[in-house]
Structures are given as structure tokens and as C-alpha cells.
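Data first, discussion second: the structure below is written as C-alpha cells.
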Amino acid sequence: MEAVKSTTPVGGLNNKLQAKSPQDRILWIVVYVFMIVVTVLTIYPFLNVLAISFNDSVDTIRGGITIWPRQFTLKNYDLIFTYEGLITGFKISFLRTVIGTVAGLVSGSMLAYTLARSDFQARRFISIFLAVTMYVSGGLIPGFILMKELHLIDTFAVYILPGLVSAFNVFIIRSFIDGLPYALQESAKLDGANDFTIYWRVILPLCKPALATVALFLAVGQWNSWFDTYLFNGSNESLTTLQYELMKILQSTTTSATNSQDAANMAERMAQVSPESVKMAITIIVTVPILIVYPFLQKYFVKGMTLGAVKS
Amino acid sequence: MKAVTANSENVYKKPKRNAWKVFKSQRYLYYMSIPFVIWVFIFQYLPLWGWTMAFQKYRPGLSFFEQKWVGLEHFRTLFQDDHFYQVLRNTLAMSLMGLVAGFIVPVVFALLLNEVRIQVIKRFVQTVSYLPHFVSWVVAAGIVTKMLSADGGVVNDMLMGLGIIDQPVQFMAQGKLFWWVVTFGDIWKETGWNAIIYLAAIAGIGPELYEAARVDGASRLQQMWHITLPGIRPTIIILLIMSIGHLLGTGFEKQFLLGNHLVIDYSEVLDLYALNYGLAMGRYSFGTAINIFNSVISLILLFAANGIFKRYTNESIM
């Protein structure tokens with residue numbers, strides 16, 4: 001966050017002078033108390049879930065676990081790794097994240113490049129054609145019927161194809177390309193490169209920051225998605241995702257506690273043998289991949305987010 | 001959609017040539033874009049064509065020309081359904097609460113974070129605050145449920161410890177509390193993320209403004225009020241207009257994942273209604289009518305908000 005840093009010296013110069021005013025001292029206290037509260041509120045739930053996941057499941061029922069397991073055990077994790085649905089789920093989630101991200105990056109950057117070319121004839125038309133999709137969408141049911149007619153139900157492709165081109169991502173990359181010097185393209189053209197070569201050899205390597213941002217959005221979106229599984233592939237056990245499996249297991253608690261009959265078979269069986277601790281262990285398994293990539297991409301997404309939001 | 005096409009004029013323009021010649025010389029650009037245009041057409045525009053279903057007695061398997069047209073019948077059914085008004089109330093209530101919370105809280109957070117002068121702390125708090133944005137709603141809903149649970153949930157433990165209540169509150173089983181659960185869940189998950197834009201906007205405010213204010217003897221609080229806040233006003237308004245446009249399309253993930261049979265009177269929103277009473281029961285036409293109602297209202301709200309703000313503040317997104 002270089003941009004945010006730039007305001008610091010202004011306040012810094014003034015610190016001594018400001019500290020004298022009682023009003024500012026109150027502000028200072030409010031600010032830091034607020035920051036502590038925010039930090040605790042955000043982190044505590046994660047630590048609590050982590051602690052419970054490592055705690056003996058019988059002991060967990062007694063309650064009172066905070067951020068440290070009372071009776072440490074790895075049994076919960078042992079148990080969930082024997083659950084078949086979770087292994088498949090992990091595979092499918094991983095595959096859709098990798099394929100979906102790569103496919104989305106290629107489509108997004110290619111389209112963005114053509115739209116960044118100010119001399120491109122169809123540019124205005126395509127821009128508007130694309131922008132409309134950000135505000136208008138057919139909705140749940142026409143979307144479902146379309147997938148049905150295209151025979152995409154019960155296929156892996158339904159995770160990749162519908163969301164392949166996202167207007168928002170295209171505009172983020174395009175804004176970035178707009179910021180590159182046009183002379184680079186001109187000179188490549190003089191060297192006899194065609195438009196595709198320019199895109200591949202000149203533009204793409206320079207776009208890494210924008211691509212990293214979009215890759216993060218795509219990957220997180222793919223990894224976290226569960227509703228498309230619910231809607232299209234819920235009954236196909238070889239195609240369900242990790243989030244969907246987690247959803248079934250977590251939902252089954254709430255519903256079994258409230259006497260519902262519509263929970264799926266597998267979920268019900270799982271719920272009967274999955275006490276709090278096991279559920280929390282699954283939650284951790286689903287969350288960890290995100291926590292691993294997050295620090296690496298953090299420096300990009302702040303920039304990308306700002307760029308995309310301001311320009312589109 | 002001015003922003004999208006705004007910079008079409010600013011770069012070097014070639015002298016006018018024969019359109020066909022240009023087309024040929026740009027064939028690679030066409031190769032690179034046309035497949036995706038077709039893609040967008042299929043996956044984004046064809047569903048719009050599906051809206052015709054709402055005016056038919058749609059039966060799967062029949063071609064478009066074999067369907068029976070019924071005019072506005074499905075809309076009439078919809079507007080005569082008492083349940084629909086309950087669902088609409090829930091949608092509007094949760095959207096409005098989410099709008100207020102998802103918008104005031106991040107601004108306050110950004111303003112206060114900006115006052116943190118110790119870089120390490122500032123960056124730490126910021127990094128931590130985005131974290132929940134990156135976990136799925138499935139995980140978030142699990143965490144929220146856990147925190148609010150009546151046996152051993154931290155919220156209940158704390159309230160009891162402080163002596164505010166003497167027996168645990170069944171947060172997840174009371175319809176009246178459901179809207180608040182969703183709203184607070186949303187605040188927890190998205191505040192840090194939503195604040196990014198405001199922080200960037202704050203960073204763009206010229207230091208000389210603060211300098212001048214200080215010479216005039218303005219306190220930190222006054223600087224915040226008279227410089228920082230007006231400085232990010234355009235950003236606030238644009239984001240506000242955009243979120244008003246998405247008011248009804250606020251999604252149903254939270255409601256689906258946090259809701260249960262005990263709170264259904266307060267948790268069902270338009271999209272869930274379409275899902276439960278359209279898709280699940282095979283009443284495609286009726287469900288589509290709900291989708292259309294949703295979209296039309298969203299567009300009206302978007303244009304209305306845009307118009308109002310354009311008139312009174314000269315900020316707009318179109």
C-alpha cells in the first residue's frame with residue numbers, strides 16, 4: 001500500500017503538536033481501541049475454530065474452548081481424511097480452480113487487449129456489449145434452463161464455461177493495458193509483429209500485476225463456489241466440490257437440530273458421526289488453501305481492486 | 001456507460017481508410033475477440049431471451065413455437081400471492097440493512113484506520129481485516145453459527161459473563177433476529193475489503209489541504225470531518241449508487257446458508273423464492289417471472305439513484 005503511506009508524513013510532522021489537544025487525545029484512544037476490537041473480532045473466530053478442530057470431540061461438548069485446545073488430538077483430521085466425498089471434493093475443487101483460473105486469464109486478457117487497442121474497429125461495440133452484462137442478467141431459472149439445453153448439467157464443464165468471460169475482469173486488465181506506453185506496440189508493429197504476437201510477447205509479460213489480481217479473484221471465486229454444484233451437479237457424487245461437501249455437513253447440523261427431512265443421505269450419515277470438532281476440522285481444511293495463497297497475492301489485489309473499481 | 005468508452009478518442013488515430021481494408025488488417029484482433037463475444041452472447045444474453053418463458057406456459061422439451069402464450073398470468077399469480085409480499089419485505093429489509101451497514105461501517109473503518117500513524121499496526125490491521133472476505137460464505141456461515149450458538153458460543157458466553165442476559169439467546173432460531181445475524185455476518189466478512197477503495201481515495205487527497213487546515217488550527221477530528229470526508233465523497237456516492245442498483249440482487253447465499261426452517265418467515269428472499277417455488281417445483285415460468293420482477297426493480301432503483309445523485313451532487317455513473 002504505497003499510496004496510503006504517502007499521507008503519513010503529514011500526520012507525522014504534526015504528532016507532537018496534536019498530542020496536546022485533549023480532543024485529539026480522545027480520538028487517538030478511540031482509534032486504537034477500535035483497531036484492537038476489529039482485530040480481535042476478525043481473528044478470534046478463526047482461532048476458535050482451529051482450537052476446536054484439534055480438541056477431543058467428546059471433550060468439546062463441555063464447551064468453553066477459546067483459542068487453545070483443552071485435550072489436544074489429531075483424531076478429527078484422521079477421521080475426515082477417511083471420508084471419500086472429501087477426497088473427491090478436494091480433487092474437483094482443485095481442478096476447477098486451476099482450469100477456471102487459467103481459462104479465465106486467457107480469455108480476459110485477450111479480450112482486454114483488443115479493447116485497449118484504440119484503433120480497433122469493433123472496440124466500442126464490444127465494450128458496450130460487455131458492459132451491459134454487468135447490470136443485466138437473465139436470472140436463476142433462465143440460466144438453469146440454458147445449462148440444461150446445452151447439456152452441461154452433470155458435467156465438469158459447467159464449472160468453467162458459464163463464467164469464462166467476466167466483464168469486470170476484462171475491464172480491470174484493459175485499464176492496466178491502457179496505462180502502458182503505446183509506443184511499445186508501435187515499435188513491435190514496425191518490427192513486423194502481428195496483433196497476436198504483440199499481445200503474447202509484448203503485452204502479456206507487462207501485465208503481470210493486473211493478471212495476478214484477476215487470477216486471485218478467479219481462483220478465490222472458483223474455490224469458494226458451491227451454488228453451481230448444488231444447482232447442477234449436486235446428485236453426481238464424482239463431481240461435487242469441497243465447499244459443497246462442507247455445506248452439506250454444516251447444513252445437516254442446523255437442519256437435523258430443527259428436524260428437517262430434506263438433508264441429503266450422505267450429509268445425514270456424516271452429521272450423525274460428525275461432532276462439532278470434526279465439522280470445525282473440515283472447515284479448516286477448506287479454508288487453509290486460501291490462507292496459503294493470500295499473503296503472496298496481497299500486494300497485487302489492493303492495487304487491482306482500486307483500479308477496477310475506479311475505472312469501471 | 002461513459003467511463004467504458006471515454007478514452008477512445010485520446011490516443012493516436014489513424015487517417016480514415018477503407019473499412020474493409022481496416023477489417024482485413026485487424027483480422028487478428030477479430031480472431032482474438034469474436035470467440036469471446038459469441039461466448040458472452042450465449043451465456044449472458046441467451047438467458048435474457050429465456051425471459052419469454054415468463055409469458056408462456058413453459059413446458060420443457062417443446063420448441064419455442066410450440067409453447068402456449070399466457071400473457072401476464074404468472075405476474076398476476078405472483079402479485080396475488082401473500083407469500084410474495086413477505087419475501088419482498090425480507091429482501092428489502094436485509095438489502096437496506098446491508099446497504100447502510102456495508103457502507104457506513106467501511107467508511108468509518110477507513111477514516112479511523114487512516115488516523116493510525118504507526119505503519120506496522122496499520123498494515124497489520126488492514127491485512128487482518130480482509131481475511132474473512134476470502135473465505136466462502138459456507139465457511140463464514142459455519143463460523144457465524146458457531147459463534148452464536150446457544151451452547152458454548154462465544155457471544156452468548158460473553159453476554160452471560162457480563163450479566164447482560166441470564167440465559168443463552170437462541171440467535172439462529174429466532175426469526176426476528178435473523179436480519180441482524182445476516183447484517184452482522186456481512187459486516188464481519190466484508191468491512192475490510194470494502195474499505196480498500198476508501199483508503200485509496202483518502203490517499204489521493206492532496207497533503208497541502210491538511211497543511212492549510214493545520215495552519216488554521218484545525219484538530220485531527222476537524223481535519224477528518226472537513227477534508228478527508230469531503231475528499232472521498234465522490235467515491236462514496238458512486239459506490240452508493242452501484243449498491244442501490246444491486247439492492248434486490250443482493251444474493252441469497254447468506255440467507256440460504258444461515259437460514260433454517262425456524263426462521264424461514266424472515267429468511268426467504270426473492271432469489272430463494274424463485275428457487276423454491278420455481279425451480280424446485282418445476283414451475284419455470286413462474287420462477288422466471290420472479291427473476292424478471294427482481295431485475296426490473298433493480299434497474300429502476302439504479303436509474304433513480306443515479307438521477308437523484310446526478311441532480312443534487314453532480315456525481316453519477318452514467
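Mind checking which of B:GLY204, B:ALA54, B:TRP39 is farthest towards the positive end of chain B's charge dipole, using Cβ charges of +1 (Lys, Arg) and -1 (Asp, Glu) about the Cα centre? The residue sitting most towards the positive pole is B:TRP39. Counting Cβ atoms of other protein chains within 10 Å of each Cβ in B:293-299 and taking the mean gives 2.
The residue list A:ILE145, A:PHE90, A:LEU130 was ranked by how far each Cα lies along the charge dipole of the range A:80-159 toward its positive end, using unit charges on Cβ atoms, and A:LEU130 comes out on top.
The range B:121-185 and the range B:195-237 have Cα centres lying 33 Å from one another.
With a 1.4 Å probe and every protein chain kept in, tell me what percent of the accessible surface of the protein assembly as shown is carbon plus sulfur. Solvent-exposed carbon and sulfur of the protein assembly as shown make up 66 percent of the total. Normalising the average separation of contacting C-alpha pairs (under 8 angstrom, six or more residues apart) by the number of residues puts the relative contact order of chain B at 25 percent. Take each residue in A:281-290, count the other chain C-beta atoms within 10 Å of its C-beta, and the mean is 3.
Using unit Cβ charges (K, R positive; D, E negative) and no other charged atoms, how large, in debye to the nearest 20, is the dipole of the protein assembly as shown about its Cα centre?
With only Lys, Arg, Asp and Glu charged at Cβ, the dipole is about 2200 debye.
Amide H contacts of B:LYS57 (H built 1.01 Å from N, in plane; Pro and chain starts excluded): B:LYS68, B:TRP69, B:VAL70 sit under 5 Å, all sequence-distant by 5 or more or on other chains. Counting Lys +1, Arg +1, Asp -1, Glu -1, what net charge surrounds A:SER57 among other residues with beta carbon under 9 Å of its beta carbon? After counting each charged neighbour, the total is -2. Separation of the range A:163-181 and the range A:233-251, taken as the distance between their Cα centroids, equals 33 angstrom. In the context of the full set of protein chains, residues of chain B present 48 Å² of accessible surface per residue (probe radius 1.4 Å, heavy atoms only). For the range B:132-271, a simple Cβ point-charge model (Lys and Arg +1, Asp and Glu -1, everything else neutral) yields a dipole of about 220 debye relative to the Cα centre. Only aspartates and glutamates eight or more places from B:LYS146 in sequence, or on another chain, were considered; those with a Cα closer than 14 Å are A:GLU276, B:ASP157.
Summing charges over neighbours of A:ASN233, with a neighbour being any other residue whose Cβ is under 11 Å away from its Cβ, gives -2 when K and R count +1 and D and E count -1.
The trypsin sites (Lys or Arg not before Pro) of the range B:279-316 include none that DSSP puts in a loop with a beta carbon having at most 14 other beta carbons within 10 Å. If you take all other residues with their beta carbon under 14 Å from the beta carbon of B:TYR30, and give Lys and Arg +1 and Asp and Glu -1, the sum is +3.
The values are calculated or read from the model by the stated rules, or taken from the named source; none is laboratory data. This structure is a prediction, so every number in the text was calculated from the model and none was measured. In this analysis, Cβ positions are derived from the backbone assuming ideal geometry, glycine residues included, and neighbour counts consider all displayed protein chains. The accessibility values were calculated without ligands, DNA or RNA, using every heavy atom of the protein model including side chains. Shrake-Rupley method; radii C 1.70, N 1.55, O 1.52, S 1.80 Å.
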